[in-house]
Amino acid sequence: MKIDSFEIRKINLPLVRPFRTSFSTQLHRNLLVIKLTTKEGIVGWSECVALSEPVYSPEYMDGALDVMQKFLIPKLFTREEVEPEEVKGLLGNYLGTNMARSAIETAMLDAKLRAENKSLAKFLGATKDKVECGVSVGIASSIDKLLEEVSGYIAEGYRRIKLKIEPGWDYEPVKAVYESWPTMPLQVDANQAYSRDDGALLAKLDEFNLLLIEQPLDEHDILGHAQLSKQVKTPICLDESIISVEAARDALELKATTVINIKPGRVGGYFESKRIHDLCVEKGIPVWCGGMLETGIGRAANLALAALPGFTLPGDTSASARYYQKDVTTPFVMEDGYLKVPTAPGIGVDPDMDYLDSITSEKILIEPS
Ligand code: NPG
């Protein structure tokens, strides 16, 4: 494709409720929305999931914007024609840019598929037309408040609950939720909050028949995860550690993980996500689609991915109402615990431009010089 320009916006959307994890409390979602226009006038959309601070990954929103402007996009513009499949090869040497590269690659892929009149789901090889929804529940101010929040989600139809945990907020809240809804699929996410010495503490969670414990230790501590997986019966699932198909292959080989959370932004895009999916299918490892509080733009693309056959566990693909009073696209509405996979060309959704403009704090146009 021949790229005419990139327009990058900083947007700020208030969350319906604060989202507390072991690494931060988010009240708003600040992120970058990318609009690519081809020389033929086709538009492609994506969002860059980097948070405003580097607390989940080394990337952060302003850094991602800077690296796109200074390195990634100028490098793309050295080519008269470039395809989304070439982005990793062309830009992969810029280290620590997975989220920024994923956003660029996805906008290109969206434009390409819109031009070909093909949906992202079809292009990736989706086999489902709807996806089972889980919900991720932040750390609450008390167990009563947690139970109230979880009971609301269960009433809405969510089919799996994920509880955020950290030292001091683990055994008791998990026990309370498990005892209230003993048959509801339940899992926990520590976002790296524990240490190698916490094996015995985490093994106490085995009582609750959890689907998995997500990323208990530091993202670099593959050996620690392998050791921990011998101490606990609950499957260990890596998130932050899996930044590429190579990282997935190594972690599986070392038995540091037996389930994988795939987030396209974290791994550098949908092609890499598909490679990890294919590897896991080959090895009989279940995968599920993570979330990063995306708007409807990112969620649409994640639903296409989650419709692939290896995604056998419900993901963090929740309805728009879980996050935002008003989404930037037509809202994703859950029906009987499922979200429909978009079928229109590309990512299958378009932003509401008036609303997008109203939440945009800065807009940068980047064209070839
Ligand atoms: O439903 O989109 C969602 C949020 C799911 O818990 C969730 N995401 O650590 O997986 C995570 C966490 C996250 C959110 C990570 C925002 C980074 C940013």
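The values are calculated or read from the model by the stated rules, or taken from the named source; none is laboratory data. Fair warning: this is a prediction, and the values are worked out from it, not measured in the lab. Quick reminder, even Gly has a Cβ in these numbers, built from the backbone with ideal geometry, and neighbours come from all protein chains shown.
Considering 204, 230, 175, which residue is among the basic types (Lys, Arg), under 25 Å from residue 279 (Cα atoms) and at pLDDT 95 or above?
230
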**Request:** Could you run through the stretch 180-230 and say how many residues are more than 16 Å from the ligand (Cβ to nearest atom), surrounded by fewer than 17 Cβ atoms within 10 Å (Cβ to Cβ), of a type outside the set (Ser, Thr, Tyr) and part of a loop (DSSP other than H, G, I, E, B)?
**Result:** 5
**Prompt:** What are the residue pairs meeting all of these: first residue in the stretch 131-149, first residue more than 15 Å from residue 186 (Cα to Cα), second residue part of a helix (DSSP H, G or I), Cβ atoms under 7 Å, and 6 or more apart or on different chains?
**Reply:** 131/303; 131/306; 140/146; 140/149; 143/172; 143/173; 143/176
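Taking the condition within 21 Å of the chain's Cα centre (by Cα), at pLDDT 95 or above, farther than 30 Å from residue 41 by Cα and assigned to a loop (DSSP other than H, G, I, E, B), does residue 95 pass? Talk me through it step by step, then tell me what you get.
Working: within 21 Å of the chain's Cα centre (by Cα): yes; at pLDDT 95 or above: yes; farther than 30 Å from residue 41 by Cα: yes; assigned to a loop (DSSP other than H, G, I, E, B): yes.
Criteria met by residue 95.
Return the only residue of 353, 334 being under 28 Å from residue 72 (Cα atoms) and at pLDDT 95 or above. Can you show your working first?
On the way: 334 fails: under 28 Å from residue 72 (Cα atoms).
Exactly one of 353, 334 is under 28 Å from residue 72 (Cα atoms) and at pLDDT 95 or above, namely 353.
Here is a yes/no grid of residues against (1) in contact with a Ser or Thr (Cβ under 8 Å, 6 or more places away or on another chain); (2) hydroxyl-bearing (Ser, Thr, Tyr):
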{"residue": "217", "(1), (2)": "yes, no"}
{"residue": "232", "(1), (2)": "no, no"}
{"residue": "244", "(1), (2)": "no, yes"}
{"residue": "256", "(1), (2)": "yes, no"}
{"residue": "282", "(1), (2)": "no, no"}
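Would you pick out the residues in the stretch 147-168 that are outside any helix (DSSP H, G or I) and surrounded by fewer than 20 Cβ atoms within 10 Å (Cβ to Cβ)? Don't jump to the end; show me each part of the working.
First, the residues of the stretch 147-168 that are outside any helix (DSSP H, G or I): 157-168.
Selection gives 157, 159, 166, 167, 168.
Is it the case, given these coordinates, that residue 82 is β-branched (Val, Ile, Thr) and under 30 Å from residue 220 (Cα atoms)? Please lay out each step first, then the result.
On the way: β-branched (Val, Ile, Thr): yes; under 30 Å from residue 220 (Cα atoms): no.
Here the answer is no, as residue 82 does not meet what is asked.
Any idea which residue in the stretch 9-44 is farthest from residue 321 (Cα to Cα), counting only those that are more than 20 Å from the chain's Cα centre (by Cα) and surrounded by 15 or more Cβ atoms within 10 Å (Cβ to Cβ)? Please lay out each step first, then the result.
Taking the stretch 9-44 and keeping what is more than 20 Å from the chain's Cα centre (by Cα), we get 36-43.
Among the residues that remain, those that are also surrounded by 15 or more Cβ atoms within 10 Å (Cβ to Cβ) are: 36-38, 42-43.
Values: 36: 27, 37: 30, 38: 33, 42: 30, 43: 27 Å.
Among them, the one singled out is 38.
Could you please let me know if residue 89 is surrounded by fewer than 21 Cβ atoms within 10 Å (Cβ to Cβ) and away from the ligand (no atom under 16 Å from the Cβ)? Before the answer, list the steps.
On the way: surrounded by fewer than 21 Cβ atoms within 10 Å (Cβ to Cβ): yes; away from the ligand (no atom under 16 Å from the Cβ): yes.
Considered against the rule, which asks whether it is surrounded by fewer than 21 Cβ atoms within 10 Å (Cβ to Cβ) and away from the ligand (no atom under 16 Å from the Cβ), residue 89 comes out as yes.
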**Pairs where the first residue, in the stretch 254-275, is more than 14 Å from residue 47 (Cα to Cα) and without any contact (Cβ under 8 Å) to a residue 60 or more places away in the chain and the second is of a type in the set (Gly, Ala, Ser) and part of a loop (DSSP other than H, G, I, E, B), C-beta under 6 Å, 6+ apart** = 261/290
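Quick grid of which residues meet (1) modelled with pLDDT under 95; (2) more than 16 Å from the ligand (Cβ to nearest atom); (3) hydrophobic (A, V, I, L, M, F, W, C); (4) in contact with a Ser or Thr (Cβ under 9 Å, 6 or more places away or on another chain):
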{"site": "7", "(1), (2), (3), (4)": "no, yes, no, yes"}
{"site": "25", "(1), (2), (3), (4)": "no, no, no, no"}
{"site": "34", "(1), (2), (3), (4)": "no, yes, yes, yes"}
{"site": "42", "(1), (2), (3), (4)": "no, yes, yes, no"}
{"site": "48", "(1), (2), (3), (4)": "no, no, yes, yes"}
**Hey, residue 233 part of a loop (DSSP other than H, G, I, E, B), of a type outside the set (A, V, I, L, M) and over 24 Å from the mean Cα position of the chain (by Cα) or not** = yes
**Item:** Test set (1) within 15 Å of the ligand (Cβ to nearest atom); (2) more than 20 Å from residue 248 (Cα to Cα); (3) in a loop (DSSP other than H, G, I, E, B); (4) of a type outside the set (Gly, Ala, Ser) - residue 292 fails condition number
**Value:** (2)
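Any chance you could count how many residues in the stretch 120-144 are assigned to a strand (DSSP E or B) and away from the ligand (no atom under 16 Å from the Cβ)? Before the answer, list the steps.
Initially, the stretch 120-144 is screened for residues assigned to a strand (DSSP E or B), giving 130-137.
Now drop any that are not away from the ligand (no atom under 16 Å from the Cβ), which leaves 130.
Residues that pass the stated criteria total 1.
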**Request:** Check whether at least one residue in the stretch 277-294 is more than 20 Å from residue 241 (Cβ to Cβ), buried (at least 19 other Cβ atoms within 10 Å of the Cβ) and under 16 Å from the mean Cα position of the chain (by Cα), and report yes or no.
**Result:** yes
**Prompt:** Just wondering, is there one or more residues in the stretch 340-351 that are over 24 Å from residue 88 (Cβ atoms), without any contact (Cβ under 8 Å) to a residue 40 or more places away in the chain and of a type in the set (D, E, K, R)?
**Reply:** no
